[in-house]
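Heads up, the thing below is written out as structure tokens.
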Amino acid sequence: MTEWPVGNVQYLTLKSVEATLQFGRIGGEVAKPGTVFCLNGELGAGKTTLTSGIAQGLGLDEVTQSPTFTLVAEYSDGRLPLYHMDLYRLAEQASREMDLFDEYLYGEGVCVVEWAQWIHDFLPDDRLELTIHKLDQPDAREIQVIAYGKLAMDVLKEWTDRWSSWQWIQQQTN
Ligand SMILES: Nc1ncnc2c1ncn2[C@@H]1O[C@H](COP(=O)(O)OP(=O)(O)OP(=O)(O)O)[C@@H](O)[C@H]1O
Ligand SMILES: [Mg+2]
């Protein structure tokens, strides 16, 4: 069994939509070629909102919607290519040609996969797993981030360092 270093799991509270967008923006800014963000969480948890933030952080205009007619949308105008997959409709289908996704999951761009659990066995070993939970307050979310692999660990460290600094600045200015 692989032993993961201390610090590969982080729990954060996102108190508003804006906080989720800002957390995503930082994620987009610190993402590296090959970074895979796997997003899980119930309907309406905030996966697409977080994706919009990541897209903005990569320098793209807001990605407000999930791809409707395809499972993957490609955006090439940012700092790195972004592949946004929403696999909701794949749910529990028995036969899947998962190598369809390999060019995105193992490419040099940034991948964001909503409902990533449906292709769990096909995900790269090096990836960030993010699970969003709704909290009692309607606009609050808890997010668990787990980094698997060296690239993901590096991204997570930078991401949470920058997020802490942003929160500290917010506290000073409010
Ligand atoms: N802190 C928050 N972060 C993200 N979304 C929030 C937050 N607070 C409230 N919301 C609301 O929750 C909803 C999240 O919707 P979103 O489409 O991002 O979820 P999703 O997880 O992608 O859902 P689906 O599974 O249907 O794709 C939005 O209506 C948003 O305004
Ligand atoms: Mg969504």
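Data overview
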item	result
Single condition Gln170 does not satisfy, out of (1) within 16 Å of ligand 1 (Cβ to nearest atom); (2) within 15 Å of the chain's Cα centre (by Cα)	(2)
Yes/no for Glu114 being among the charged types (D, E, K, R) and under 13 Å from Thr35 (Cβ atoms)	no
Search result, residues across segment 36-50 that are near ligand 1 (Cβ under 6 Å from one of its atoms), surrounded by fewer than 24 Cβ atoms within 10 Å (Cβ to Cβ) and at negative phi	Leu43, Ala45, Thr48, Thr49
Identity of the residue in segment 94-125, in a helix (DSSP H, G or I), of a type in the set (A, V, I, L, M) and over 22 Å from Leu60 (Cβ atoms), that ends up modelled with the lowest pLDDT	Met98
Criterion: touching a Leu at 6+ places or on another chain (Cβ under 7 Å) and under 20 Å from Leu21 (Cβ atoms) - qualifying residue of Asp139, Asp126, Asp77	Asp77
Pairs where the first residue, in segment 65-93, is more than 18 Å from Ala55 (Cα to Cα) and the second is assigned to a strand (DSSP E or B) and modelled with pLDDT under 75, C-beta under 6 Å, 6+ apart	none
Candidate set from segment 10-28 (those that are β-branched (Val, Ile, Thr) and within 16 Å of ligand 2 (Cβ to nearest atom)); member that is farthest from Glu142 (Cα to Cα)	Val17
Counted residues, segment 114-136 - those being within 16 Å of ligand 2 (Cβ to nearest atom) and under 18 Å from Val30 (Cβ atoms)	1
Pick from segment 140-166, criterion surrounded by fewer than 15 Cβ atoms within 10 Å (Cβ to Cβ) and polar (S, T, N, Q), ranking: nearest to the chain's Cα centre (by Cα)	Ser164
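The values are calculated or read from the model by the stated rules, or taken from the named source; none is laboratory data. Bear in mind the structure is a predicted one, so any value in this text is a computation, not a measurement. Heads up, the Cβs are rebuilt from the backbone with ideal geometry, glycines too, and the neighbour counts pull from every protein chain shown.
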